[in-house]
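Have a look at the structure below before the remarks.
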Amino acid sequence: MSKDAIADLEKMVAGLKGSGNFTIEFPLPALSQTKAQSLKDNDRDFFSGDNKMEKNIVKALDTILKANPEMLYDKDALSKLLQAAAVSAKDTVVERLEAGGGDISVRPLKPSTVRAKGSSKVGVDTGALLNDVKRCKPQVIGK
């Protein structure tokens, strides 16, 4: 990667990292949005943009740029990189849902809930939310 490309990438990352200028939106059906919000309200935020998600995004972008460093100079480079970031965030959420938390701490289910649903796995009941997340095309939105 050329020195100019590295400098440009460093500027872009510095501008994005921790700046709060972007959010990743998951266009889910209304019922899945309600389920995701309910999980978050109950200390089970599978969509948390925490350190693990940030690391996964940086790793995905690094992989793309190492494979094709000159793409940084394409007119639509930022769009492509932001889309890759969104896909990486989605993959992190899917991983968390499949693991019942994974890298995030989630409040365990009440015994009555476990009996009612027949499983102690947090975040997945019918599988509808997980399937909707897998199918959605997340977008990075500037604030």
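Here, each number is a calculation from the coordinates, and none is a lab measurement. What you see is a predicted model; the values in this text were computed from it and never measured. Cβ atoms come from the backbone with ideal geometry, glycine included; neighbour counts cover every protein chain shown.
Within the stretch 110-134, the set of residues being among the hydrophobic types (A, V, I, L, M, F, W, C) and in contact with a Ser or Thr (Cβ under 6 Å, 6 or more places away or on another chain) comprises VAL114, LEU129. Set side by side, the residues LEU130, LEU109 differ, and just one is touching a residue at least 12 places away in the same chain (Cβ under 8 Å), touching a helix residue (DSSP H, G or I) at 6+ places or on another chain (Cβ under 6 Å) and either buried (at least 19 other Cβ atoms within 10 Å of the Cβ) or within 19 Å of ASP45 (Cβ to Cβ) (or both), which is LEU130. Being farther than 18 Å from THR23 by Cα, in a helix (DSSP H, G or I) and in contact (Cβ under 8 Å) with a residue 60 or more places away in the chain is true of GLU70. Of all residues in the stretch 30-62, those being of a type in the set (Val, Ile, Thr) and out of contact with any helix residue (DSSP H, G or I) (no Cβ under 6 Å at 6 or more places or on another chain) number 2.
When you look at SER105, is it assigned to a helix (DSSP H, G or I) and either of a type in the set (Ser, Thr, Tyr) or under 18 Å from the mean Cα position of the chain (by Cα) (or both), yes or no? Don't jump to the end; show me each part of the working.
On the way: assigned to a helix (DSSP H, G or I): no; either of a type in the set (Ser, Thr, Tyr) or under 18 Å from the mean Cα position of the chain (by Cα) (or both): yes.
Judged against the criteria, SER105 is not a match.
What number of residues within the stretch 65-81 satisfy the criterion of being surrounded by fewer than 18 Cβ atoms within 10 Å (Cβ to Cβ) and of a type in the set (A, V, I, L, M)? Final tally of qualifying residues: 3. The condition (being touching a Lys or Arg at 6+ places or on another chain (Cβ under 8 Å) and either assigned to a helix (DSSP H, G or I) or farther than 25 Å from ASN51 by Cβ (or both)) is satisfied by just one residue among THR63, THR92: THR92. Scan the stretch 108-132 residue by residue and report those that are among the basic types (Lys, Arg) and in a helix (DSSP H, G or I). Of everything in the stretch 108-132, those that are among the basic types (Lys, Arg) and in a helix (DSSP H, G or I) turn out to be ARG115, LYS117.
The number of residues in the stretch 112-127 being crowded, with 16+ Cβ neighbours inside 10 Å and either β-branched (Val, Ile, Thr) or touching a strand residue (DSSP E or B) at 6+ places or on another chain (Cβ under 8 Å) (or both) comes to 2.
Residues that are assigned to a loop (DSSP other than H, G, I, E, B) and surrounded by 14 or more Cβ atoms within 10 Å (Cβ to Cβ) within the stretch 133-143 comprise CYS136, PRO138, listed in sequence order.
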